[in-house]
Amino acid sequence: MNPDRLIIFDTTLRDGEQSPGASMTKDEKVRIAKALERLRVDVIEAGFPIASNGDFEAVQAVANAVTESTVCGLARALETDIARAGEAIRGANAGRIHTFIATSPVHMERKLRMSPNQVVEQAVWAVKRARAYTQDVEFSAEDAGRSELDFLCRIFEAVIDAGATTVNVPDTVGYNLPSQFGETLRQLLERIPNSDKAVFSVHCHNDLGLAVANSLAAVMNGARQVECTINGLGERAGNASLEEVVMAVRTRQDEFGCDSRLDTTQIVTCSKLVSNITGFPVQPNKAIVGANAFAHESGIHQDGVLKHRETYEIMRAEDVGWTQNRMVLGKHSGRNAFRSRMQELGIDFASESDLNAAFAQFKELADKKHEVFDEDLQALVTEQGIEAENERIRLVSLRAVSETGEIPMADVTLNIDGEERSVSAEGGGPVDAAYRAIEALVETGADLKLYSVNNITSGTDSQGEVTVRLEKGGRLVNGQGADTDIVIASAKAYINGCNKLLEPAVRAHPQVGDV
């Protein structure tokens, strides 16, 4: 173990996916995993293989696609989970099984209905069983933030003896304060006799807005792995933000005795890809990756930065990927330029027909926009993936009318299971009218819980990216759509959500395994 090295464990594809409506397809997970690999993330937690066949196949696909990062699968301390995780990571160049069991009194008594002795015995068994599949085994004490310190010392010592190479201390419910959490790590490292035989890790949730602060406090007290997500994505209030943890450690080398190996110039590209795929826009004032992170409005600030950057900037925008030189494509760009730029963005096409279809969409977009940026290309591929996956409902045509003093209306034609059907509807606006028309044809009976519009790039010709969240019978799905016409983008997003609702709900939500 190198005490100067901070291991970055990214769980965007597993814990990040637990955000309501943030489910990713297998191909989308592979795209994000390849971006994380270019970012030089050490460990990619690709999913929870036992949750469903889809999750198993996604972890397996990531394991086969990634060569430079360790690929990890999550497993409860159960035979079925561990065997499934072991099978999923079998094709990885470097694979890890991450097994866990709860250790707080309330979890052991109320959820597990197990005694502390039984929990220790099960944890030791799980680590030994996981070692049959890989020598790289991580053990997490779920809800460690509310666990008794003496018991944590006991169980961590036991699992390290059993062969765990990483032990993780999760603040599962985001309850801890930085001084408290840092002290917990310090005492664990001091009191556990074999603590030098494993890497100590932390996994912090953001319920009190302290996930990054708690993670950094732990690093300052000896933790050498941080589990985090791109954009701080995750269930409830999210997880520790990868970009904030990495840049805080790198910027404040005067305080931290370690650093990560990440290529930070890839951070912004990775952030935009995750935002585009999940439909969760990044707030403008988000640290590091927000649109305003390096913008200066105040005249005093502008004057200072112009005279000397370090007056108001503690890091360079270039260092996180904001001002990378990039090729801007237009309507005169050819297939080779298009293919080359897509490859640079980590997007490979399975066949020439897929490339041709995407190129045709690019040409159609280039006729509407003077310049096509990376964000447009990523949205285009996401749109193509949406269309390829969901065959039951397709938008054929949409005509919306909005006029001062008149009731807005929309004429919509959909192809539903191969049959074209049309209807007209009125609404409070053109989007509302379009949604009423679509619902009249599809009849999902879903409630619209979220409608969000985000411009993909700047300018009045920018594509609008619309995200909707639909709920029916307790099931939540996200729908996405992009177009230079915001009404059409809105219709595409609603139709995408309807298609997901019409699919069988075969995937168990990974929240059944939460650390």
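The values are calculated or read from the model by the stated rules, or taken from the named source; none is laboratory data. Remember, it's a predicted structure, so these values are computed and weren't measured experimentally. Heads up, the Cβs are rebuilt from the backbone with ideal geometry, glycines too, and the neighbour counts pull from every protein chain shown.
Taking the criterion of being surrounded by 21 or more Cβ atoms within 10 Å (Cβ to Cβ), aliphatic (A, V, I, L, M) and free of Cβ contacts under 8 Å to residues at least 60 places away in the same chain, would at least one residue in the stretch 132-139 satisfy it? Checked against the condition, which is being surrounded by 21 or more Cβ atoms within 10 Å (Cβ to Cβ), aliphatic (A, V, I, L, M) and free of Cβ contacts under 8 Å to residues at least 60 places away in the same chain, the stretch 132-139 yields at least one hit.
Restricting to the stretch 67-83, name every residue that is surrounded by 17 or more Cβ atoms within 10 Å (Cβ to Cβ) and charged (D, E, K, R).
Taking the stretch 67-83 first, the residues surrounded by 17 or more Cβ atoms within 10 Å (Cβ to Cβ) are 69-77, 81-83.
Selection gives ARG76, ASP81.
Residues are listed down the side, and each one gets a yes or a no for (1) more than 20 Å from the chain's Cα centre (by Cα); (2) at pLDDT 90 or above:
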| residue | (1), (2) |
| --- | --- |
| GLY234 | no, yes |
| ASN276 | no, no |
| ALA287 | no, yes |
| LYS307 | yes, no |
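When the residues of the stretch 60-111 are filtered to those that are assigned to a strand (DSSP E or B) and of a type in the set (Val, Ile, Thr), the one that is nearest to the chain's Cα centre (by Cα) is VAL71. If only residues of the stretch 84-107 that are farther than 18 Å from ALA164 by Cβ and touching a strand residue (DSSP E or B) at 6+ places or on another chain (Cβ under 6 Å) are counted, the one that is surrounded by the fewest Cβ atoms within 10 Å (Cβ to Cβ) is ALA92.
Yes or no, residue by residue, for (1) small (Gly, Ala, Ser); (2) in a helix (DSSP H, G or I); (3) farther than 22 Å from GLY238 by Cα:
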residue: ASN117; (1), (2), (3): no, yes, yes
residue: ALA126; (1), (2), (3): yes, yes, yes
residue: ASP150; (1), (2), (3): no, yes, yes
residue: TYR175; (1), (2), (3): no, no, no
residue: GLY182; (1), (2), (3): yes, yes, no
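Sub-9 Å Cβ pairs linking a first residue in the stretch 188-199 that is surrounded by fewer than 15 Cβ atoms within 10 Å (Cβ to Cβ) to a second residue that is at pLDDT below 95, at least 6 apart or interchain, are ASP196/MET1, ordered by first then second residue. Determine, yes or no, whether LEU13 is without any contact (Cβ under 8 Å) to a residue 60 or more places away in the chain, touching a strand residue (DSSP E or B) at 6+ places or on another chain (Cβ under 9 Å) and not assigned by TED's automatic domain parsing to the domain that holds LEU470. Criteria met by LEU13.
Just wondering, is there one or more residues in the stretch 44-52 that are surrounded by fewer than 19 Cβ atoms within 10 Å (Cβ to Cβ) and more than 12 Å from the chain's Cα centre (by Cα)?
Keep residues of the stretch 44-52 that are surrounded by fewer than 19 Cβ atoms within 10 Å (Cβ to Cβ), which gives 52.
This time we only want the ones that are more than 12 Å from the chain's Cα centre (by Cα), so: 52.
Scanning the stretch 44-52, I find at least one residue that is surrounded by fewer than 19 Cβ atoms within 10 Å (Cβ to Cβ) and more than 12 Å from the chain's Cα centre (by Cα), so the answer is yes.
All of ASP263, ASP254 fail the test of being modelled with pLDDT of 90 or more and farther than 26 Å from GLY16 by Cα, apart from ASP254.
Taking the stretch 16-37 as the search range and keeping residues that are under 15 Å from VAL274 (Cβ atoms) and touching an Asp or Glu at 6+ places or on another chain (Cβ under 7 Å), which one is surrounded by the fewest Cβ atoms within 10 Å (Cβ to Cβ)? Looking at the filtered set, the residue picked out is THR25. Mind listing whichever residues of the stretch 21-55 are under 19 Å from VAL226 (Cβ atoms) and not in a helix (DSSP H, G or I)? Scanning the stretch 21-55 gives LEU39, ARG40, VAL41, ASP42, VAL43, ILE44, GLU45, ALA46.
Considering only residues that are surrounded by fewer than 17 Cβ atoms within 10 Å (Cβ to Cβ) and in contact (Cβ under 8 Å) with a residue 12 or more places away in the chain, which ones fall in the stretch 345-354? I'd like the intermediate steps shown before the answer.
Here is the first cut: in the stretch 345-354, the ones surrounded by fewer than 17 Cβ atoms within 10 Å (Cβ to Cβ) are 348, 350-354.
Within the stretch 345-354, ASP354 is the sole residue that qualifies.
One line per residue, one yes/no per condition, for (1) touching a residue at least 40 places away in the same chain (Cβ under 8 Å); (2) touching a Ser or Thr at 6+ places or on another chain (Cβ under 8 Å); (3) of a type in the set (Lys, Arg):
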site	(1), (2), (3)
GLY163	no, no, no
GLY174	yes, no, no
SER179	no, no, no
ARG186	no, no, yes
CYS228	yes, yes, no
ASN231	yes, yes, no
SER241	yes, yes, no
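For the stretch 377-431, a residue qualifies if it is assigned to a loop (DSSP other than H, G, I, E, B), modelled with pLDDT of 90 or more and touching a helix residue (DSSP H, G or I) at 6+ places or on another chain (Cβ under 6 Å), and the qualifying residues are SER402, PRO408, GLY427.
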